[in-house]
1. What does the net charge come to around ARG107 if you take all other residues with beta carbon closer than 11 Å to its beta carbon, with K and R at +1 and D and E at -1?
2. What is the local net charge at ALA178, summed over the other residues whose Cβ is closer than 15 Å to its Cβ (Lys, Arg +1; Asp, Glu -1)?
3. Put +1 on the Cβ of each Lys and Arg and -1 on the Cβ of each Asp and Glu in the chain; which of GLY90, LEU14, ILE212 then has its Cα farthest toward the positive end of the dipole?
4. Report the full-extension gain for the segment ILE212 to ILE170: residue separation times 0.36 nm, less the Cα-Cα distance, to one decimal in nm.
5. Would you list MET66, MET46, MET83 from fewest to most Cβ contacts within 10 Å?
6. Please give the charge dipole size of the stretch 189-281, origin at the Cα centre, charges +1 on K and R Cβ atoms and -1 on D and E Cβ atoms. Round to the nearest 20 debye.
7. Taking only DSSP H segments of four or more residues, each worth -39500 (n - 2.57), what value at 222 nm results for the chain once the sum is divided by all its residues, to the nearest 500 deg cm²/dmol?
8. Can you spot the lysines whose alpha carbon is less than 20 Å from LYS169's alpha carbon? Ignore those fewer than 8 places along the same chain.
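No value in this document is a laboratory result; all are computed from the given coordinates. Quick caveat: nothing in here was measured; it's all calculated off a predicted structure. Note that each Cβ is placed from the backbone with ideal geometry, even for glycine, and that neighbours are counted across all protein chains shown.
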Amino acid sequence: MLNLQEKILNLLALTDFEINKMFRRKIAHAGIAVSLFLTVLGALGMTVRMTKRPNKELIGRLVSEMMNGLAFSETILLPGIYMLLPMIIGIFSAASFAGEYQNGYIRTVAIRPVSRWQIFIGKFLSLSIYSYILLVILLIISYLIGSLLFGFSGDIIVFGPAFMGKDAKIFIMPEEIAWGRLLLSYLFAGFALISLSAMFLMFSAIFKKTAIATVFPLGIYYTSYILSTLPFMENLQRFLPTRYLMIWKYTMAENIKWDLIMHDGIFLIAYTAAYLIIGCVIFSKSEL
């Protein structure tokens, strides 16, 4: 029992060490800056569309009239979670693990009286925390900018087909439940980023070179994402790593799809566990 407590304390100490080291790196602040840039650019594009190119169609008018801080935060999550944040997490994972293979820093950490699996899991936990920090910053910045430009709160128009498929409806989400749905969507988006962190760390342990550990898993992620949108790939899509990453979208259904959240969440946990086990085994057997 004492040995288990000691291992947990060592793991927590390693995680704290990795977090402190993480925020001393410029790349961590670059990720935050890119999130800010995405939000500002999105706000600018939305403002120009609403003021310079008024849409006469019903949906266009509804978007313009119902845009507010809540709606803007939800809108900015879509490109963030699909494209931007996976790229930031991928680059940061490679820099914080594979990069330490190349500069020899990982040897310094490994001479401490801790297991290699603890080092690997400590890095995973620190990256998971960093993922949620990025999401919280994106949420706060997007809500503040959206509120200043479009109003603090209000109802949200949800494009159901974009989230739940072509048979879903477009509907208006009342303000009283929009807050909860917004927070839930960001919460589950972080769950998806945690799984990506595990995948990127696994490839860092496999390749041990920053360039390859960045390009290869990002290539797998974006290729998987492209394949998941092709209609003739239905039989393959259930096995793609991106199939279960968009678990957050079920919170934006007219009635939250808890059964689908549970189904996709189980697969996401299984994928994450597999990434961590493979990464720990490879790292434990690697020469430093």
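1. Working: positive: ARG112; negative: GLU100, GLU287.
The answer is -1.
2. Values: positive: ARG181; negative: GLU74, ASP155, GLU175, GLU176, GLU254.
Net charge around ALA178: -4.
3. ILE212
4. Numbers: separation 42, 0.36 × 42 = 15.12 nm, distance 4.21 nm.
Between ILE212 and ILE170, full extension yields 10.9 nm more.
5. MET83, MET66, MET46
6. Computed about the Cα centre, the dipole is about 320 debye.
7. Using -39500 (n - 2.57) per qualifying helix, the result is -24500 deg cm²/dmol.
8. LYS249, LYS257
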